Amino acid sequence: MSIQFKQATLPNGLQIVAEVVPAAHSAAMGFFVKTGARDEVEQVMGVSHFLEHMMFKGTDSRTAEDVDRDFDDIGANHNAYTSSEVTAFWAHCLPDHLTVAADVLADIMRPSLRQEDFDAEKNVILEEIAMYRDHPFWVLYEQTMEEYYAGHTLSHRVLGTPETIEKLTREQMLEYFNRRYSADNTVVALAGRMDFDAMVDAIGSCCGHWQRTGTAREYLPLQHPAREFTIELPTVHRHYMLMMSPAPALDDARRYASAMLGQILGDTDGSRLYWSLIDTGLADEAQAQWDGRDRIGDSLVYCSCSPEHATQVRDLVLKEIDGLVDSITDDDLQRVRSKTATAATLQGELPGGRMRRLGQQWTYLGEYRSLEDELAKINAVTMQDLREVAEAFPLRPVVIGHLKPASE
């Protein structure tokens, strides 16, 4: 399949990147803004996610109903998400409709932010926060992040807290929007069948007037205080535990080896934790993964089990972590390389997946790496790479969090 990488930058600093695939039967595009919970001050925690909701509440030229109808009229699959570091809005459609999708997406990126919409949506956000409080993993994850990233903005909750959302004002949101949603802090990613030059012209017509602000992410110093803590809730009946340790950042070449170590330790099947905890019936969930971020990363291990097995499960997880590197065989490495390569390839099967991969890649790294380059790096990981990353970033957890029944 012939694929061409294209790149352009508008005079206001807006960056446009694309993987042009002439043989594709669809096309996708997305706006990726380099902003999220880690870029918020504590007083407005949750504003990035709240703002994502407000983007679909109407613009100076479209009502909320118009936005939905215009996407529906072209049969576009569209969505958005907010993380600690990126907020993205995207659409996937037939190639003939890509310019229309660009017009709608660009328009919602400049919302009206009407006071009545703000007041109504605040209640939606508060309900969403309440809903996640019923998810044990989410409760434990947010608390563990706060302990692990104590004093750092990566400890901020993406949804915010009831207190920060209640106190948030439309004026605070507008100030944040004007500063962070600037042309020079945004990447437009495209993939699939398209006329790239025509799309650059179309995007320029829609976004060429956006302001450049010179905003930038602040990279704060970081320490991880060692801690083990416990949350008790009367509404849960299982024991949940989450362990975190430092890991390579997204721009670190060792991330491939770190991700593979995580899979060998705690993939959903065939991993060390699977055989020692799931297959034996000691736990109903046991997973490990590498989580790469902007200039930092972390490794997570998550388990859930019956309260009476909690101590045994904790000890077995630490035992598996301590013996992991010495236990890895060439067959393990080949198996995890194949799984990683397959996952990366499947993500790139459709233009929507390619667009999201490209947008995240350019937003985080500011450079292009083809799927073929990625696969080559995956297949080049050696046993020595696994040993070296394990030595540089030990998987022994720095923070261990427990969530258990109050009566336990």
Share of alpha-carbon pairs per 10 Å distance bin for segment 1-92, given as whole %
14, 33, 37, 14, 2
Can you tell me the Rg and the Dmax, both Å, for the Cα atoms in segment 213-332?
16.5, 56
Could you check the spin-label model distance between residue 379 and residue 322? Points 7 Å from the Cα along Cα→Cβ, value in nm.
3.9 nm
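Once you have the Cα-Cα distance between residue 124 and residue 312, take 0.36 nm times their residue separation minus that, and quote the gain in nm to one decimal.
63.6 nm
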When you have a sec, figure out the Kirkwood radius of segment 340-408 from all distinct Cα pair distances and drop it here in Å to one decimal?
15.4 Å
Cα convex hull of the chain, projected area averaged across orientations, nm²
20.2 nm²
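How big is the Kirkwood radius of segment 227-405, worked out from every pair of different alpha carbons and given in Å to one decimal?
Evaluated over segment 227-405, this radius sits at 17.2 Å.
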Can you work out ³J(HN,Hα) from phi for every residue in segment 344-360, in order, using Karplus 6.51 cos²θ - 1.76 cosθ + 1.60 and θ = phi - 60°, giving whole Hz and x for Gly and Pro?
5, 5, 4, 4, x, 5, 10, x, x, x, 5, 4, 5, 4, 5, x, 5
Before anything else, pin down the relative contact order of the chain: Cα pairs under 8 Å, at least 6 apart, normalised by residue count, whole percent.
22 percent
Using θ = phi - 60° and the Karplus relation 6.51 cos²θ - 1.76 cosθ + 1.60, list the HN-Hα couplings for segment 283-293 in order, rounded to whole Hz, with x at every Gly or Pro.
9, 9, 9, 7, 9, 9, 7, 8, 10, x, 9
Loop-located trypsin sites (Lys or Arg not before Pro) in segment 228-312, at most 15 other Cβ atoms within 10 Å (DSSP)
295
Ascending count of other beta-carbon atoms within 10 Å, so fewest first, for 370, 276, 271:
370, 276, 271
The farthest towards the positive end of the charge dipole of segment 227-405, of the residues 327, 261, 276, given +1 on Cβ of Lys and Arg and -1 on Cβ of Asp and Glu, is 261
Consider all pairwise Cα distances in segment 289-344 and report the whole-number % of them above 17 Å.
61 percent
Residues meeting the amide H criterion for residue 84 (H placed from the backbone, H to H distance under 5 Å, 5 or more places apart or on another chain) are 37
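Which translational diffusion coefficient, to the nearest whole µm²/s, is obtained for segment 320-378 from the Stokes-Einstein equation, given a Kirkwood hydrodynamic radius over C-alpha pairs, 37 °C and 0.692 mPa s?
Reported coefficient: 248 µm²/s.
Can you tell me the dipole magnitude for the chain around its Cα centre, using point charges on the Cβ only (Lys, Arg +1; Asp, Glu -1), in Debye to the nearest 20?
680 debye
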Interchain or long-range residues, amide H under 5 Å from residue 194's placed H:
21
How long is segment 4-207 along each principal axis, judged by its Cα atoms, biggest number first, in Å?
48, 36, 33
Antiparallel bridge percentage (DSSP; both residues within segment 227-405; nearest 5):
75 percent
Any idea what % of Cα-Cα pairs in segment 96-202 are farther than 22 Å?
54 percent
Spelling out what I want: for every residue of segment 239-246, take phi, set θ = phi - 60°, compute 6.51 cos²θ - 1.76 cosθ + 1.60 (Karplus), and round to whole Hz; glycine and proline get x.
9, 10, 9, 9, 10, 10, 8, x
Cβ crowding within 10 Å averaged over residues, with 193-199, 68-74 ranked highest first
193-199, 68-74
Everything considered on the Cα gyration tensor (a ≥ b ≥ c; rounded for a/c under 1.5, else prolate if a/b is larger than b/c, else oblate), segment 114-160 must be described as oblate
For residue 227, the residues 5 or more places away or on another chain with a placed amide H closer than 5 Å to its own amide H are 399, 400
If neighbour count is taken as other Cβ atoms inside 10 Å, put 177, 5 in order from fewest to most.
5, 177
How are the C-alpha pair distances of segment 210-279 spread across 10 Å bins, as whole percents from the shortest bin up?
13, 25, 32, 19, 8, 2
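Values quoted throughout were computed directly from the atomic coordinates according to the rules given, and no laboratory measurement underlies them. Since we're looking at a predicted model, the values are computed, not measured. Ideal geometry is used to build each Cβ from the backbone, glycine not excepted, and the neighbour counts take in all protein chains shown.
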